[in-house]
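These notes concern the structure reproduced below.
Where a number appears in this text, it was derived from the coordinates with a stated rule and is not lab data. If you're wondering where the values come from, they're calculated on a predicted model, not measured in any experiment. In this analysis, Cβ positions are derived from the backbone assuming ideal geometry, glycine residues included, and neighbour counts consider all displayed protein chains.
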Amino acid sequence: MSFARASESVRRKADHVKIALEEEVEFASLTTGLKRYKLVYEALPEIDLNEVDLSTTLLGKHLQMPLIISPITGGTPDAARINRVLAEAAQQFGLAMGVGSQRVALEEPDVAYSFQVRKETPDILLFANLGAIQLNNDHGLEGCRKAVEMIDADALMLHLNPLQECVQWHGNTNFRNLASQIATVCDGLEYPVVAKEVGHGISARSAKLLAEAGVVGIDVAGAGGTSWAKVESFRDKSSALSSLGTAMGEWGIPTAESLLAVKESAPMVTTIASGGIRTGTDIAKCLALGADAVGMGLPLLRCAASSAEALHEKLALLREELSVVMMCVGCRNVAELRNRGPAVLKTDISNPS
């Protein structure tokens with residue numbers, strides 16, 4: 001790969017973080033759909049708050065809380081600093097974590113260090129990350145293996161982002177026959193493979209294709225949080241692609257809707273809910289809707305960019321809120337909340353959004 005192209009990849013990484021931190025990149029009119037549901041408050045829960053157990057198991061690894069720090073960044077010195085802050089918090093709070101897309105590190109090995117956080121996270125579930133579209137380009141099964149081994153990860157996330165690629169300068173738009181390429185990776189890789197969107201949702205049809213391809217998990221990454229079409233629209237406001245990104249920035253499948261679709265069409269696959277998750281109550285609602293774990297990205301990025309203390313305060317608040325919510329719906333643990341979901345989560349007819 002040419003130096004010019006490599007430098008563009010690094011600049012794109014830096015742009016993404018800067019835009020996410022400084023611009024309005026979240027969905028404005030399209031919501032997660034979680035407001036359509038309300039948790040049933042129990043005045044007599046028959047539970048001591050100290051009994052509430054947030055721990056769970058995901059892909060065979062123990063988590064102290066059913067939360068994944070969603071794939072965010074890497075590829076630049078500032079991204080390396082942010083990843084270390086996120087990693088140290090993941091280790092302390094017993095969370096899972098994914099790094100940002102490692103394509104840049106496969107093509108420019110000098111930046112691999114910015115993704116390597118295993119020293120800070122000896123015990124956590126750690127996900128490598130590569131765009132699934134790269135399977136149709138330069139990086140197939142061997143590239144996926146290198147991405148996992150580069151950071152000593154436990155599993156691989158293949159992210160799907162057709163809308164983002166279509167509005168990105170020099171984006172990769174050939175998604176033809178990608179399901180069969182994913183199947184090849186799932187069959188040949190020695191590590192579990194999870195597929196995820198980047199913030200515009202997974203449909204029932206896509207979930208079925210992914211399950212048939214052999215992924216062990218699907219992260220719905222639904223609409224309602226960060227719109228990556230909007231992120232791309234800020235990179236060059238004078239271009240036609242920027243206008244296209246703005247025009248299509250409110251498109252996607254709301255997180256709650258996507259979660260239910262994935263659960264119905266791929267019931268045997270581990271399901272992760274992300275996309276606009278902002279509170280402990282949001283986490284509880286997703287678990288009650290059937291998610292095995294929940295992912296959060298932008299709020300944690302903004303905290304980590306500020307300070308480690310800000311990130312720890314945010315995670316401590318999420319942990320406490322989730323514990324209180326679970327107590328007040330009468331659930332002692334995550335499995336109980338998931339199993340009793342239909343009984344503790346009701347449709348809020350007063351709030352259709």
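For the reader, a short list of remarks on this structure follows.
- Unmet criterion (only one of (1) crowded, with 23+ Cβ neighbours inside 10 Å; (2) within 17 Å of the chain's Cα centre (by Cα)) for Ser114: (2)
- Among the candidates Gly276, Gly222, the residue that is on the phi > 0 side of the Ramachandran plot and within 18 Å of the chain's Cα centre (by Cα) is uniquely Gly276.
- Residues being under 24 Å from Lys13 (Cα atoms), part of a helix (DSSP H, G or I) and of a type outside the set (Asp, Glu) - total across the stretch 48-82: 5
- Filter result for the condition that a residue is more than 27 Å from Ile253 (Cβ to Cβ) and without any contact (Cβ under 8 Å) to a residue 12 or more places away in the chain, over Asn83, Asn50: Asn50
- Arg81, sole failed condition from (1) surrounded by 23 or more Cβ atoms within 10 Å (Cβ to Cβ); (2) within 19 Å of Leu301 (Cβ to Cβ); (3) not acidic (Asp, Glu): (1)
- The lone exception for Val148 - which of (1) in a helix (DSSP H, G or I); (2) out of contact with any strand residue (DSSP E or B) (no Cβ under 6 Å at 6 or more places or on another chain) it fails: (2)
- Any hit, the stretch 231-240, residues being over 21 Å from Gly276 (Cβ atoms) and among the aliphatic types (A, V, I, L, M): yes
- The listed residue being over 19 Å from Asn129 (Cα atoms) and either surrounded by 19 or more Cβ atoms within 10 Å (Cβ to Cβ) or among the basic types (Lys, Arg) (or both), out of Glu232, Glu212: Glu232
- Scanning the stretch 271-300 for residues that are part of a helix (DSSP H, G or I) and surrounded by fewer than 24 Cβ atoms within 10 Å (Cβ to Cβ) returns Gly280, Thr281, Leu298, Pro299.
- Members of the stretch 163-174 found to be surrounded by fewer than 19 Cβ atoms within 10 Å (Cβ to Cβ) and part of a helix (DSSP H, G or I), listed by number: Cys166
- Residue list for the stretch 311-353, filter: surrounded by 15 or more Cβ atoms within 10 Å (Cβ to Cβ), free of Cβ contacts under 8 Å to residues at least 60 places away in the same chain and small (Gly, Ala, Ser): Gly341
- Hits in the stretch 89-105 (condition: under 18 Å from the mean Cα position of the chain (by Cα) and in a helix (DSSP H, G or I)): Ala89, Ala90, Gln91, Phe93, Arg103
- For Ala183: the one exception among (1) part of a loop (DSSP other than H, G, I, E, B); (2) more than 21 Å from Lys61 (Cα to Cα); (3) of a type in the set (A, V, I, L, M): (1)
- Positions within the stretch 19-39 being more than 19 Å from the chain's Cα centre (by Cα) and assigned to a helix (DSSP H, G or I), in sequence order: Glu22, Lys35, Arg36
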